[in-house]
Each structure stands twice: as structure tokens, then as C-alpha cells.
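Right, one structure below, let's go through it.
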């Protein structure tokens, strides 16, 4: 039995890495975009809930640090306070009083935030990564019943 003392293909690993490196880098960037999108979505959901919580309690609004005489502005301040990492990019587009399915008073809050991807890759209609999009979340929360305080 003869042992190999030298590798007869010294550049094979380098050539394979050179061929796969662009694909591996593309996967890393797409994974980063996906993680950022997930972070923005979760943060926007929490901020919208915070804004809805502010809007559904008219009694404690005046003691809130986000208080404003305009309900939309106060709700937007509360939503931005829940997501300081996104800062001023969160916009509360509507605060709508409504009734829920059980006939109770409720408030519907819709918030949006712009999201820009690192890549703008597109491969026909089958696969595309949008370069910018607007994320939107809507939360409905029951208004607290009126009581004497």
C-alpha cells in the first residue's frame, strides 16, 4: 500500500471557494435582510399595541408622558415611545373609534414604518427582494368602561 505524500490538486479548494463565495455572500445578505424584517415587524406590532393602549384609556392619558390634546399625536408619541430603536420613522396613520363584535366601544390603531432592504435583488417574477416597502400593523383594543374616579 502506497501513502500519498503530496496532494495532486493544490488549487481545487481555492477554485471551489471562488465559485461558491458570491452565493454564500448573497445568502448572508438575504439572511440579514430577513432578520431585520422580522425585527421591524415585531417592533412595529409592539409599538402599535402601545399606541392602542394609550388611545383606549381616556382617564390615564392626561398623566401619560406622551399626552397631547390631539388623540392622534398622543397615540403616535406613545407608539414611538414603545419603539425607540425605530425612532421617528413610526407613523400612526389612524385612530378610529369603533365597536367590537360584542358591541363594546373599541379603538382601532394603524401604524406604519418604512423598511429598506440591504439588497434590491430581483430575478424575474418568480423571486424578488423589494428594495423598499412600507410595513403596516393594525390593532383593535377595547376602550375602558367609564367609571367615577
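Numbers for the structure displayed
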| quantity | calculated |
| --- | --- |
| Subset of the range 46-94 [under 15 Å from residue 113 (Cβ atoms), in contact (Cβ under 8 Å) with a residue 12 or more places away in the chain and surrounded by fewer than 16 Cβ atoms within 10 Å (Cβ to Cβ)] | 46, 85, 89, 91, 93, 94 |
| Complete set of residues in the range 95-127 that are assigned to a strand (DSSP E or B), under 19 Å from the mean Cα position of the chain (by Cα) and modelled with pLDDT under 90 | 115, 116 |
| Odd one out for residue 87, checked against (1) within 21 Å of residue 132 (Cα to Cα); (2) modelled with pLDDT of 90 or more; (3) touching a helix residue (DSSP H, G or I) at 6+ places or on another chain (Cβ under 9 Å) | (2) |
| Test: residue 69 is in a loop (DSSP other than H, G, I, E, B) and within 17 Å of residue 138 (Cα to Cα) | no |
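The values are calculated or read from the model by the stated rules, or taken from the named source; none is laboratory data. None of these values were measured; they are calculated from a predicted model. In this analysis, Cβ positions are derived from the backbone assuming ideal geometry, glycine residues included, and neighbour counts consider all displayed protein chains.
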